[in-house]
Amino acid sequence: MKTYLPKTIVLKIFGFSMAFLTLTISSFTLLLAQPEGKEKKDKGKGSRPPSGLIKPSMADTIKANVYADNWFIMYINGKLTAVDSIDFIPHNVVSVDILPEYPMTIAVMAKDNADPKTGMEYGTHIGDGGFILKFADGTVTSSKWKAKSFFKGPLGSDTKNPKVQHEPIPDDWFKIDFDDSKWKNATEYTEERVNPKEPFFKADFKGAKWIWTEDLDLDNTVIFRHRVEKEGWKPRWNTKPNIDITGALPWRNEK
Ligand SMILES: [Ca+2]
Ligand SMILES: [Ca+2]
């Protein structure tokens, strides 16, 4: 016995198969076309710099860990780089990525928590300072740093009749060419003396020394400066920022 499918059914099956095949081919073509289209779009956005330009990458950056009792502001090569995000307590570690360029001039203003009129905190308490820093390039605080106090008090530790001494802070204290040659070297202190709080022990400060002036208690505003040399160093990158920050730092308008 011979069996056959009616002509209409055969046509329908054939038509369906053809439609399925066309759909498959067009999907495949679309899939192939997509990466090319995306690539073209990215190129249009200018992800690739003009030839000859080399941008720094995250691999060129280093980690900077800083801890101040109680507050600091840090400039590197004359540029504002980090500010302690918490003025007073809790004591915190500020950890930021920096793009190092050598020679590197580091300028830090550190402040103990002290009333400008009495030099004391919590009424009649004499608080102490302390500063420590470590960069992943091996830069650490030590007595090789320069240190100078600009606010001392209460003079003679006299808490009954407190007197203070302020010295004007030079406008250009953070600049690369500021002359600190007559400043004394910083004094190193032990960890026990400064008594840092928990966050200090969670960050890498290995090899760094606690520093301040020779008076950890009465000197309340201290500026530290240090220059890191790296002979023969050249940046791997050749791009420079075109950023004007005069409006962002109104107290620092360049003349
Ligand atoms: Ca103090
Ligand atoms: Ca303090």
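Observations
- Against the rule of thumb 2.2 N^0.38 Å, how large the Cα Rg of the range 58-236 comes out: 1.03
- Summing charges over all other residues whose Cβ lies under 10 Å from the Cβ of D137, with Lys and Arg as +1 and Asp and Glu as -1, gives +3.
- Label point at R193 placed 7 Å out along Cα→Cβ; residues across the range 69-101 whose backbone nitrogen lies under 19 Å: 69-71
- For the range 149-255, the set of chymotrypsin sites (Phe, Trp or Tyr not before Pro) satisfying both a DSSP loop assignment and a count of at most 14 other C-beta atoms within 10 Å is given as W233, W237.
- GluC sites (Glu not before Pro) restricted to the range 187-222 and DSSP loop, no more than 12 other C-beta within 10 Å: E214
- Computed magnitude of the charge dipole of the range 50-143 (debye, nearest 20; Cβ of K, R +1, Cβ of D, E -1): 280
Values in this text are rule-based calculations from the coordinates and carry no lab data. All of these numbers come straight from a predicted model, not from anything done at the bench. Here the Cβ is made from the backbone with ideal geometry for all residues, glycine too, and neighbour counts use every protein chain on show.
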